[in-house]
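Peer 1: Have a look at this one.
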Amino acid sequence: MGLVCFCAVLINMPMLRDCATKRHKMYNYVSVPFALLCGFVSVLGASSATIRVSVRTPGQITVEAELSSPMRSWSFRNAYAGVLGIAERVEDFRAENVTVRKIAPGEFRSEGEGTRISYNIKLSEPSAAEVSHVSWLVGDRGFLMFADLIPSDIATVHAQFVLPVGWTVESTITPDANGQYVTEPEKAVFLIGRSLRKMTKSVDGMTLDSVLSGDWPFKDSDVLQAATPVMKRYLTLTGFRLPQSSVILIAPLPVAVGSVKWRAETRGSTVLLLIDPNAGFKNWRGQLGVIFTHELLHLWVPNSLKLQGDYDWFFEGFTLYTALRTALELKIINFKEFLDTLARVYDSYLSYSDNLSLLEASERRWTSAGSLVYDKGMLVAFLYDLLIRRESSGKTALADRYRDLFGGSFADGMDGNAVIISVLALSPAIKDFTRSYIENNKTLELEQMLPAFGLSLDSSAKSSQLRVKPDLDSEQKRLLRSLGYTH
Ligand SMILES: [Zn+2]
């Protein structure tokens, strides 16, 4: 299941001049002799490893690992979040006392069994498409995501780092008494580099850190200040206090990207945010606030839910809508911007054919164009919110379903789609709605659907206009006021 997002900036923010990002040259490959690993603690049980990650050559790491049990086959993640060929960066793979053959990118085999392995990974040339989803090391900073750096059969690592003088490492993981970071590779994200600056805050009993690298047009303290009201809001929304500490890691984008000058991923309890320092946002704190309304919700949805399956339509599409409502409620945006954003998403939705149900689109998110999960998912959340508010005369809203989801006693590993559809289905009319627009591929026609709620959508011009109708009846007025309309 992909816990990542290609969250695009949906709020209108001033755009942005192109920047000339330095692309670092590939450094000459230096082969590193196999080092004997001394003083490692042995780890009991299968599929764990004690590893040492060293930065000895710019743009490259060397990993030396002692496995808890001997292996003769090692596989590295080669595809993630639509990015292919990640494992091609693994080089010079060796196992002590046995001969290793490379049979495909990231696939290494030996006749005999080995317990001590070493390899290099070149991380100096991330592409714009992958930069927030895979490890990279450019100049004097980098992100190390163990999911693409450690063979996939290893479930637990005890890691230590050997870094250039003046570099430090930051993550949500506190090293143990031996200085080792004990973690599952799947969730582990480390920021390494020179002059990392960390701040810590307790938000209603939840620990939130920020770590910044690089120079920014905002103060370091702005990050936690922008994040705090959003964290409080999502604690109230879900009723679930995050048990572990969370961290927001911010660094400059190491590559030139398109018109959207930032990239993010929320993995486990880490929000990784890469921004172009020259993006020229008029209001950096507002921009951070907008990004956080989406990314911080991922700390809860899906990352704190123990549901299975591809329910991306909910944890991306509904997250977009809930983030937009949150931005409105926190006054980061106004009601007009709220409507304008939805109109823009509808235009995006109209620009391709809607021939999959949201369930199917979620399954194929990484193998098809993938926008349906975001666009239709967000618009279905909007319609659901309108329907449920009208049906209950304003007594309940989509936001209340998050408490139902976190407070419900759903067993670990239940099917996310079944659970969420059952949580949403408060009435026969709502069941019909979710069946049509989530389980089946009924096309959205907002022009026809919205007038009943006091809204008009005019898509005759180049970009659609979503407006409040002039002649509202009292029920429509109450509904739109509950959404934040103030006239
Ligand atoms: Zn997302």
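Peer 1: What does the charge count around P451 come to, taking other residues whose C-beta lies under 12 Å from its C-beta (Lys +1, Arg +1, Asp -1, Glu -1)?
Peer 2: -3
Peer 1: Next up: Label A429 and S195 with points 7 Å out from Cα along Cα→Cβ: what is the distance between them in nm?
Peer 2: Distance between label points: 6.0 nm.
Peer 1: Same structure, new question: Which percent, to the nearest 5, of DSSP beta bridges fully inside the chain are antiparallel?
Peer 2: The answer is about 75 percent antiparallel.
Peer 1: If a paramagnetic tag sat 7 Å from the Cα of E475 along the Cα-Cβ line, which residues of region 409-453 would have the backbone N under 17 Å from that point?
Peer 2: So the set is 427-430, 449-453.
Peer 1: Cα axis of helix 335-350 to longest principal axis of the chain: angle in degrees, 0 to 90, nearest 10?
Peer 2: 70 degrees
Peer 1: Put a dot 7 Å past each Cα toward the Cβ at D176 and T207; how far apart are the dots in nm?
Peer 2: Between T207 and D176, the label points sit 1.7 nm apart.
Peer 1: When the label point is put 7 Å from the Cα of T99 along its Cα-to-beta-carbon vector, which residues of region 53-71 have a backbone N closer than 11 Å?
Peer 2: none
Peer 1: For S348, S482, what's the fewest-to-most ordering of other Cβ within 10 Å of each Cβ?
Peer 2: Neighbour counts put them in this order, fewest first: S482, S348.
Peer 1: Here is a follow-up. Run the dipole for region 427-468 about the Cα centre, Lys and Arg Cβ at +1, Asp and Glu Cβ at -1, nothing else charged, and hand back the magnitude in debye, nearest 20.
Peer 2: My answer is approximately 60 debye.
Peer 1: Of F335, Y321, M206, which is farthest along the charge dipole of the chain in the positive direction, counting Lys and Arg as +1 and Asp and Glu as -1 at C-beta?
Peer 2: Farthest towards the positive pole: F335.
Peer 1: Shifting gears a bit: Within the P(r) computed for region 84-208, what percentage of the Cα pairs occupies the region above 27 Å?
Peer 2: Tail fraction, whole percent: 26.
Peer 1: Of Y485, S118, S245, whose Cα points farthest to the positive end of the dipole of the chain (charges on the beta-carbon: +1 Lys, Arg; -1 Asp, Glu; origin at the Cα centre)?
Peer 2: Ranked along the dipole, the leading option is Y485.
Peer 1: Are there any trypsin sites (Lys or Arg not before Pro) in region 394-464 that are in a DSSP loop and have at most 16 other Cβ atoms within 10 Å? List them by number.
Peer 2: Passing both the DSSP loop test and the Cβ count: K395, K442, K462.
Peer 1: For helix 220-238, what angle does its Cα long axis make with the longest principal axis of the chain, in degrees from 0 to 90 and rounded to 10?
Peer 2: Approximately 60 degrees, to the nearest 10.
Peer 1: Let's test the formula: R0 of 51 Å, r as the Cβ-Cβ distance of K395 and E111. What FRET efficiency results, to the nearest 0.05?
Peer 2: My answer for the efficiency is 0.15.
Peer 1: Starting from the Cα gyration tensor of the chain, take the square roots of the eigenvalues, sort them a ≥ b ≥ c, and report rounded, prolate or oblate (rounded when a/c is under 1.5, otherwise prolate if a/b is larger than b/c, else oblate).
Peer 2: prolate
Peer 1: With +1 on each Lys and Arg Cβ and -1 on each Asp and Glu Cβ, how big is the dipole of region 249-312 about its Cα centre, in debye rounded to the nearest 20?
Peer 2: 220 debye
Peer 1: Another question, if that's okay. Taking the Cα centre of the chain as origin and charging only Cβ (+1 Lys, Arg; -1 Asp, Glu), how large is the dipole, in debye to the nearest 20?
Peer 2: Around 1080 debye, computed over the chain.
Peer 1: Next question. With a ≥ b ≥ c taken as the square roots of the eigenvalues of the C-alpha gyration tensor of region 159-272, please select rounded if a/c is under 1.5 and otherwise prolate if a/b is larger than b/c or oblate if it is not?
Peer 2: Because a/c hits 1.5 or more and a/b fails to exceed b/c, region 159-272 counts as oblate.
Every number in this text was worked out from the coordinates using simple rules, so none of it is lab data. Nothing here was measured: the structure is a model prediction, and the numbers come from that model. Cβ coordinates were reconstructed from backbone atoms using ideal geometry, including for glycine residues, and neighbour counts include every protein chain displayed.
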